[in-house]
Ligand SMILES: [Zn+2]
């Protein structure tokens, strides 16, 4: 296979990756200070995709590229293993910057009360999505993608950038956002059964994205509210695959 020419890893990417591992080798985990370099996992020096890069010490860099397929002794480091090992090291040094949010789906405007003191209901089909950051100290950003399933069938509908995993939500410590999105729901919809699957990740102050497990909210009784369901349906990722 013909290899492409080397393209320098952009300065911004280098800075990010070195911060994510605090200049520790992402293979043997030793502290490196200046004795660290960036290895291209697929060995294509023009592929500077973040997922293709791993900061390693000089010893490990030699080790990763050394395996000789002609002499099949031992076990080659496979790309999947290398990436998972790297992510373990990134987690070690970035998890201290991870802060959680609470995401709640409801038909109510919980912060607005009617004359009887009950929370006000939104119009049918206008769904509340309340996001509350549990951080008391540092800001985070949220990537959120909502997939609607009326009667368990995937509905392709544009919910806007903030609910399609495209735009990030800037969230400051202790912030609460009363968001909403629209779904084609009327009182006549039969069967009256809706699910939204919520895919989400948190981007920390070092720009590292931590993907969380998806979950659902379900609504089956127009008089009741949406309820939390830890299950999902479908088999989709947060980000569309390339
Ligand atoms: Zn090393």
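Please treat every number below as a calculation from the coordinates, not as lab data. Please read all numbers here as calculations on a predicted model, not as lab measurements. Methodologically, a virtual Cβ is constructed for each residue, glycine included, from the backbone with ideal geometry; neighbour enumeration extends over all protein chains shown.
Here is how the numbers come out for the structure above:
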item	result
Projected-area mean, the chain, by convex hull of Cα positions, square nanometres	17.4
Tilt relative to the chain, helix 79-94 - C-alpha long axis, 0 to 90 degrees, to 10	70
Theoretical ellipticity at 222 nm over the chain - DSSP helices of four or more residues, -39500 (n - 2.57) apiece, nearest 500	-4500 deg cm²/dmol
Relative contact order (percent, whole number), the stretch 100-229, Cα cutoff 8 Å, 6+ residue spacing	26
227, 219 arranged by Cβ crowding within 10 Å, fewest neighbours leading	227, 219
Order of 133, 13 under a 10 Å beta carbon neighbour criterion, fewest first	13, 133
Residue-span extension gain [residue 178 to residue 231] - 0.36 nm each, minus C-alpha spacing	16.7 nm
Distance histogram for the stretch 129-242 (every C-alpha pair counted, 10 angstrom bins, percent rounded to whole numbers)	13, 43, 32, 11, 1
The chain: angle of helix 11-20 to the longest principal axis, Cα-based, in degrees nearest 10	80
